[in-house]
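Peer 1: Please find one structure pasted underneath; my questions will follow.
The values are calculated or read from the model by the stated rules, or taken from the named source; none is laboratory data. Please read these numbers as outputs of a predicted model, since none were measured by experiment. Here the Cβ positions follow ideal geometry from the backbone for every residue, glycine too, while neighbour counts run over all protein chains shown. Heavy atoms of the whole protein, side chains included, go into the accessibility calculation; ligands, DNA and RNA do not. Shrake-Rupley method; radii C 1.70, N 1.55, O 1.52, S 1.80 Å.
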Amino acid sequence: MIKLYDFDLSGNCYKVRLLLGILGLEFERKNVDFFPGFKHRAAEFLAVNPLGQLPVLEDGDLSLRDSHAILVYLASKYDGSGRWYPTGDAALLGEIQQWLSLAEGLTATASAARLAEGMDFDFDAEAARKGAYRLFDVLDEHLWFREREGSDWICAPAHPTIADLACFPYVMLSEEGGVSREDYPAIRRWTDRVKRIPGFSVMPGIFPAQLGS
Amino acid sequence: MNTMTQPDPFMLNQWYPIASLQEILPGQPRATKLFGQRISYERNVAGALQVSDGSRALPVLEQYGCLWTSLGEPDELFDVPEYAEPDRRNVNAGSVGVQVSAQRGIENFLDMGHFPYVHTGILGALPHTEVKEYNVEMIRDGREIIATECLFYQPMASTVSTSGADVEYIYRVPHPTCSVLYKSSPMDEKRLDAIALFGQPTGEETFRGHMVLSILDDVNTDDFISYFQLHIFGQDKPILENQMPKRLPLDPRAETPIRADKTSIMYRRWLTGHGVTYGTIPAAA
């Protein structure tokens, strides 16, 4: 069975759980106590990933670190529809990669602010927030134009891709780092649409589209 | 937000948790905040804990897996006798920063009404939303609030639960920013698990919640017990951080309570009675 080295409150782990759930894949969660235990820096986990970063996915003999690498792999291997990562469409793949890189930026900014405020990590929260707002500006404007063109998603016209899943977690958790989404209506509409993707799952800090469901 | 507002005497003269003891490594000084004031602490190579506000040494107490200190002159810290029972698992589940006043955090901790909506499938489930009648009183000459006979249907009450059950809760508030809840143990029907939220007011509108558990669980690892508690608290966090105003209003007309809020009503009245202003919006005289 697919095994995920996972931390419940990590947005990067969550994006992998999201896709696994959407694709209906069974997987085993191996909890790595990132906080408060800092077990991602312990020898046992460094043997799995010398970078000490979560998540890591194991599938048969394959061991993959980096959440976006994992999304690329899972979608390419297990999505029969070929829509989450359309390997035959060069332009679209380029676009997806562009937004995966923006999602990396969200990890460095919105997520860093959240770790500083919530878990006392020694990051410059103010600088991280500033960086997050710059990325939110770009994403919100992009989504607004996509809506004008009749599209609900970051890249493909008719179907979400792994770019949506990659950007979603740290956008949705941003308030924990003091990054407000109040001024980003297109982002807010898009996050509501992501929550309605069949197979969508939640994590602590992110609620379903319908409370109590 | 003015983080340097001076605390009122009742708040000032309390012990506050500032760190989980397991995180303090010998010879590695660390810093945190209390009432907006920078506080440094260190376990020296001889093993002694030292706390300072930069100009003077502050009192030190090691209790319930936490380091406690005070900027005032505190009395004895409240007792949680269960913590000393030898067969319990005492776990520091994590210290989490929250962007709202500590009293808002405590009030949320005391509330059962949100379980089915916020902790769906774990501490509550629709349609089981009713908070049944329970009892609230002051004990120990008004030094502590206690709520008893609280019953709530929970699908997965603890780390060792295997099915849903009506769970009995007792809540204690022995401190303006600390609360201990007791709930029936799935392992032993005669005993209760204790789960504490110890609030460190870092500012008027921010706190760190130190979560300490003293429970009966001979199955799970500390990592999993911590995971479970952080999962629950992670669900509370966005709700707490979206509360407006961020300080707790003490005027009974400011936020309309319902019957299920009896404990909260008593808590707000108790804070008012002690003249608490820090982290609150006091009622106009």
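Peer 1: Using the Karplus curve 6.51 cos²θ - 1.76 cosθ + 1.60 with θ = phi - 60°, what ³J(HN,Hα) values do you get for each residue of segment A:80-91, in whole Hz, with x for Gly and Pro?
Peer 2: 3J(HN,Hα) across segment A:80-91, in whole Hz: x, 6, x, 9, 6, 8, x, 5, x, 10, 4, 4.
Peer 1: Amide H of residue B:280 versus every other amide H placed in the peptide plane: which residues, excluding those fewer than 5 positions away on the same chain, fall under 5 Å?
Peer 2: Amide H neighbours of residue B:280: B:248.
Peer 1: Longer than 30 Å from Cα to Cα, which of B:190/B:262; A:15/B:132; A:15/A:39 are they? Say none if no pair is.
Peer 2: A:15/B:132
Peer 1: How big is the B/A interface in buried accessible area, both sides summed, 1.4 Å probe, to the nearest 100 Å²?
Peer 2: Summed over both sides, the interface buries about 1900 Å².
Peer 1: Tell me, which residues of segment B:184-230 get at least 40 Å² less accessible area when the other protein chains come in, versus the chain alone (1.4 Å probe)?
Peer 2: Residues shielded by partner chains are B:223, B:227, B:230.
Peer 1: Roughly how many Å² is the accessible area per residue of segment B:14-77, as a whole number, for a 1.4 Å probe?
Peer 2: Here the residues of segment B:14-77 average 48 Å² of exposed surface.
Peer 1: Also: Scan around residue B:153 for amide H atoms under 5 Å from its own, H built in the peptide plane at 1.01 Å from N, and keep only partners 5 or more places away or cross-chain.
Peer 2: Answer set, sorted by chain and number: B:167.
Peer 1: If a/c stays under 1.5 just call it rounded; otherwise compare a/b with b/c (prolate if a/b is bigger, oblate if not). Do that for chain B, with a ≥ b ≥ c from the square roots of the Cα gyration tensor eigenvalues.
Peer 2: oblate
Peer 1: Between residue B:190 and residue B:259, how many nm apart are label points set 7 Å from Cα along the C-beta direction?
Peer 2: Label at residue B:190, label at residue B:259, 3.5 nm between them.
Peer 1: Build a GNM of chain A with springs between Cα atoms under 10 Å: which of A:20, A:62, A:139 gets the top mean-square fluctuation?
Peer 2: Highest fluctuation of the listed residues: A:62.
Peer 1: At 1.4 Å probe size, with every protein chain present, just tell me what the per residue accessible area of segment B:207-285 comes to in Å². Each step should come with its number before you reach the end.
Peer 2: Values: 3450 Å² over 79 residues.
About 44 Å² of surface per residue is accessible.
Peer 1: Please report, as a whole percent, how much of the solvent-accessible surface of the protein assembly as shown comes from carbon and sulfur atoms (probe radius 1.4 Å).
Peer 2: On the way: 11060 of 21360 Å².
About 52 percent, which is the carbon plus sulfur part of the accessible surface.
Peer 1: I've got another one for you. Mind listing the phi-derived Karplus ³J(HN,Hα) values for segment B:148-164, rounded to whole Hz, using 6.51, -1.76 and 1.60 with θ = phi - 60°, and x for any glycine or proline?
Peer 2: Residue by residue, segment B:148-164 yields 10, 6, 8, 10, 8, 6, 10, x, 8, 5, 8, 5, 9, 5, 10, 7, x Hz.
Peer 1: For chain A, modelled as a Gaussian network with Cα springs under 10 Å, which listed residue fluctuates most, A:177, A:52, A:150?
Peer 2: Looking only at A:177, A:52, A:150, the largest GNM fluctuation is found for A:150.
Peer 1: Per residue of segment A:107-114, what does 6.51 cos²θ - 1.76 cosθ + 1.60 with θ = phi - 60° give for ³J(HN,Hα)? Whole Hz please, x for Gly and Pro, Karplus curve as stated.
Peer 2: 5, 6, 10, 4, 6, 4, 4, 5
Peer 1: Which of the three applies to the protein assembly as shown, rounded, prolate or oblate, going by the alpha-carbon gyration tensor with a ≥ b ≥ c and a/c under 1.5 meaning rounded?
Peer 2: prolate
Peer 1: Would you calculate, for chain B, the mean residue ellipticity at 222 nm contributed by helices, counting each DSSP H stretch of 4 or more residues as -39,500 (n - 2.57) and dividing by all residues, to the nearest 500?
Peer 2: Details: 5 runs with 48 residues, N = 285.
Value at 222 nm, helices only: -5000 deg cm²/dmol.
Peer 1: If you don't mind, another one. Among residues other than residue A:160 whose Cβ falls under 10 Å from its Cβ, what is the net charge (Lys/Arg +1, Asp/Glu -1)?
Peer 2: 0
Peer 1: With a ≥ b ≥ c taken as the square roots of the eigenvalues of the C-alpha gyration tensor of segment A:2-78, please select rounded if a/c is under 1.5 and otherwise prolate if a/b is larger than b/c or oblate if it is not?
Peer 2: Prolate.
Peer 1: At a threshold of 8 angstrom on Cα-Cα distance, excluding pairs fewer than six apart, so keeping six or more, what relative contact order does segment B:178-265 reach in percent?
Peer 2: 18 percent
Peer 1: Tell me the per residue accessible area of segment A:2-78 using a 1.4 Å probe; a whole number in Å² is fine.
Peer 2: Result: 41 Å² per residue.
Peer 1: In segment A:173-194, what residues drop by 20 Å² or more of accessible area when the other protein chains are put back, versus the chain on its own? Use 1.4 Å, and skip ligands and nucleic acids.
Peer 2: At a threshold of 20 Å² (probe 1.4 Å), the residues of segment A:173-194 that become less exposed are A:175, A:176.
Peer 1: Hey, another quick one. For peptide B:21-32, compute the average count of partner chain beta-carbon atoms within 10 Å of each residue's beta-carbon.
Peer 2: Mean number of neighbouring Cβ atoms from other chains: 1.
Peer 1: Here is a follow-up. Which value, in debye to the nearest 20, describes the size of the charge dipole of segment B:119-205 about its Cα centre when Lys and Arg Cβ atoms bear +1, Asp and Glu Cβ atoms bear -1, and nothing else is charged?
Peer 2: So the magnitude is around 200 debye.
Peer 1: Next up: Could you list the residues of segment B:221-260 with an amide nitrogen less than 14 Å from a label point located 7 Å from the Cα of residue A:47 in the Cα-to-C-beta direction?
Peer 2: Those under the cut-off are none; the list is empty.
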